[in-house]
Amino acid sequence: MELVFLAELAVNGAMTGLLYSLFAIGLVLIYKASSVPNLAQGALTMLGAYVVLAFADGLGMPLWVAIPLAAIVMFGLGFGIERVALRRLAGRPVIMILMMTLGLDIFLRGTTMAIWGATSASMELGVSYEPLFLGDLFISRIHLVGSIVTLVLFGAFMLFFRTRAGIKLKAIADDYTASWSVGISVERGVGLSWALASVVAVAAGVIWGEIQGVDQSLSLLLLKGLAVAVLGGLDSILGAVVAGIILGIIENVGANFLDPLVGGGSRDLIVAAVLILTVMIRPHGLFGRHDIERV
Amino acid sequence: MFYRLSGVYHTDYVSDSRIYGVPADRNMAAFCLIIGLAAPFIIPSLYLNSYMLPWLIWTAAALGLNLVTGWAGQLHLGYAAVMAVGAYSAIHAVRFGVPWEIALIIGGLAAAVIGSLFAFAALRVKGLYLALTTLAMQFIMDWVLTHSAAISGGSHASLQAPTLALLGQQITSDTGYYYVAFGWCLLVTIFMLNLKRTGLGRALVAVREKDYAAAILGVNSFYYKILAFATSSFIAGVSGALLVATFFFLAAPEQFSVNVSIQVLAMVIVGGLSSIIGSYFGVALILLVPGLVNSAVASISQGLGVQIGVETLAHIPNAIYGALIVIILLIEPLGLGKLYGNVRDYLMVWPFDQIRK
């Protein structure tokens, strides 16, 4: 095993991992504000990609117009989902909220497929597939672009959490009732987190749609996104980015060694194992808040 | 008037712990039992086999999940994996030459052993994290099933179920399959009805409400969590085996994928947590309504002359299935069982409550 090959696996894994982070940031945003595990994030990502395509192919707009328009549409949709479906379940046991997001996931997937059909469409982002050589390392251009998008979004959210709206979100994440009593509109904050997560879903949908085609398999990112979000701590955006890199490297290097042994397809196995081990050893993740339960 | 009562007023503990608090309930259960027994003679065999039979077996499975999720309060997103363990162990046992009666029990026990592994996650975490862990375990189980040729025959293979034979009788007729499913569902229902009257059921409820508080009361919550997982897994295993033996006739990994786990959980929650009659309603709604609506949509669009694409038609049931979950949770988070309870409570005292107003 050459060291260069290992480094190439690690670097490409890290970049794939950052793309998982892009997905996981959406999960974290919602969990942070409302403690709702959004299992519909996969369906939102898929829908985001389809909405972009609807503007680009259906109405013939260039992509740089279609993506912001799709982001606006999804922003509204995120607000709407929170208002209609989740707000009435606030304070209910977590199992009902979980089931609600699962129901939304199934509904959104079914509706998207019913409207646009199950055949895979391509995103045509215009990133070339020419290999990029960094010294001896071979790097995929689209993954590089995706990682940069992730880091830019991460920076944008770091800045956002310094604005007035962002500080309100932080307050809501910290203590629901306390922020209520000082006059912060908790409902609007939670709605905003859903809207922002839907916008993140558009970004993830565009990048992942370019990589693997726009079809139902986009919603399968959910397991990887969950693993990243849990490993990083469900309420930490920084955690999502760091955990994405870690998971990406483990997955890519591990799969390279495991695949010949077990006959392929060990990626999902590694991701599931990481998820289970994280929950068993350190449920609050790398950077998450450790909650103490009282009787 | 309908129940010939003006409310339920218990005067002693014996009457409070009866299975049926009201005579009318018992009469209705007896009526349903008779309908169920007579179904092969009333209902055409097509409907019997494609609607009634899966409904009954899935109800038994959903009741098993209800035991662990509704009674013991432990989230379980890997139920289909446990059903798969039961199905595959039973089929392999029969192919090995074991009679079906014992093979079903072997399937149930194997499922209970594997299902108890899920419980070890429950000992460490609960709520959301437990759900995520069981979900990950389901993915691992899917992977094991599709990748181990010894169990399932490989990723795209399916395993033929041997002909079902119970008590020395080969069962091949539709009526026979139906009665097997009916008997199993009845058995599970009777078990669940009696559960709340036993110490086990009360301990599970105590663990559900607050496991620390239960521990302070002297209920060993670890023990009861494992027991709940093992019992529900046993039910899952036998249900899975019967599902393959009487309905699918083939066992394939896709029949027990993560989507199926979500579907069973949806049946339980739409039906209502820890509601037995709710499980019957929930399974009926989730299992039957999407298909019925879809065929209705297809026939209406044909009648109106509107062309709906094949792909659209293929995905409408999924959209409806998701919408049903969302709508029921919005209308009544406690599920159809609670809705039924509301109607029943209203009719119970009608018209006496009108007089008071």
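Every residue, every condition in (1) more than 7 Å from every other protein chain (Cβ to nearest Cβ); (2) at pLDDT 80 or above; (3) closer than 23 Å to A:Ala85 by Cα; (4) part of a helix (DSSP H, G or I), yes or no:
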{"site": "B:Val293", "(1), (2), (3), (4)": "yes, yes, yes, yes"}
{"site": "B:Ala296", "(1), (2), (3), (4)": "yes, yes, no, yes"}
{"site": "B:Ser299", "(1), (2), (3), (4)": "yes, yes, no, yes"}
{"site": "B:His315", "(1), (2), (3), (4)": "no, yes, yes, yes"}
{"site": "B:Asn318", "(1), (2), (3), (4)": "no, yes, yes, yes"}
{"site": "B:Ile327", "(1), (2), (3), (4)": "yes, yes, yes, yes"}
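Among the residues of this structure, A:Val202 does not count as one that is within 14 Å of chain B (Cβ to nearest Cβ), surrounded by 23 or more Cβ atoms within 10 Å (Cβ to Cβ) and closer than 21 Å to A:Ile148 by Cα. Looking at the stretch A:53-62, is at least one residue within 23 Å of A:Lys224 (Cβ to Cβ) and among the hydrophobic types (A, V, I, L, M, F, W, C)? Scanning the stretch A:53-62, I find at least one residue that is within 23 Å of A:Lys224 (Cβ to Cβ) and among the hydrophobic types (A, V, I, L, M, F, W, C), so the answer is yes.
Condition test on A:Gly254, is it in contact with a helix residue (DSSP H, G or I) (Cβ under 8 Å, 6 or more places away or on another chain), farther than 29 Å from A:Met158 by Cα, more than 10 Å from chain B (Cβ to nearest Cβ) and modelled with pLDDT under 90?
Values: in contact with a helix residue (DSSP H, G or I) (Cβ under 8 Å, 6 or more places away or on another chain): yes; farther than 29 Å from A:Met158 by Cα: yes; more than 10 Å from chain B (Cβ to nearest Cβ): yes; modelled with pLDDT under 90: yes.
Criteria met by A:Gly254.
When B:Gly176, B:Gly127 are screened for being of a type in the set (Gly, Ala, Ser), over 20 Å from the mean Cα position of the chain (by Cα) and more than 30 Å from A:Asp268 (Cα to Cα), only B:Gly176 passes.
Tell me yes or no: at least one residue of the stretch B:11-19 is among the aliphatic types (A, V, I, L, M) and touching a helix residue (DSSP H, G or I) at 6+ places or on another chain (Cβ under 9 Å). For the stretch B:11-19, residues among the aliphatic types (A, V, I, L, M) and touching a helix residue (DSSP H, G or I) at 6+ places or on another chain (Cβ under 9 Å): present. When B:Ala72, B:Ala111, B:Ala81 are screened for being buried (at least 24 other Cβ atoms within 10 Å of the Cβ), touching a Leu at 6+ places or on another chain (Cβ under 6 Å) and among the hydrophobic types (A, V, I, L, M, F, W, C), only B:Ala72 passes. If the condition is being without any contact (Cβ under 8 Å) to a residue 12 or more places away in the chain, in contact with a helix residue (DSSP H, G or I) (Cβ under 8 Å, 6 or more places away or on another chain) and farther than 24 Å from A:Val94 by Cα, then the stretch B:196-219 contributes only B:Leu217.
Looking across the stretch B:141-157, the residues that are without any contact (Cβ under 8 Å) to a residue 40 or more places away in the chain and either in a helix (DSSP H, G or I) or touching a Gly at 6+ places or on another chain (Cβ under 6 Å) (or both) come down to B:Trp143, B:Val144, B:His147, B:Ala149, B:Ala150. Look at the stretch A:74-87: where a residue is in contact (Cβ under 8 Å) with a residue 40 or more places away in the chain and a partner is in a helix (DSSP H, G or I) and among the acidic types (Asp, Glu), sitting 6+ places away or on another chain with Cβ atoms under 8 Å, you get A:Arg87/A:Glu187.
Where residues in the stretch A:82-104 are assigned to a helix (DSSP H, G or I) and more than 7 Å from chain B (Cβ to nearest Cβ), which of them is farthest from A:Ser35 (Cα to Cα)? By that ranking, first place goes to A:Val84.
Filtering the stretch A:272-285 to residues that are in a helix (DSSP H, G or I) and either facing chain B (nearest Cβ under 8 Å) or surrounded by fewer than 21 Cβ atoms within 10 Å (Cβ to Cβ) (or both) leaves A:Ala272, A:Ala273, A:Leu275, A:Ile276, A:Leu277, A:Val279, A:Met280, A:Ile281. With respect to the stated conditions, B:Val270 is within 11 Å of chain A (Cβ to nearest Cβ), in contact (Cβ under 8 Å) with a residue 40 or more places away in the chain and assigned to a helix (DSSP H, G or I).
The values are calculated or read from the model by the stated rules, or taken from the named source; none is laboratory data. Here the structure is a predicted model, which means the values were calculated and not measured. FYI the Cβ positions are ideal-geometry reconstructions off the backbone, even for glycines, and counts take in every protein chain you see.
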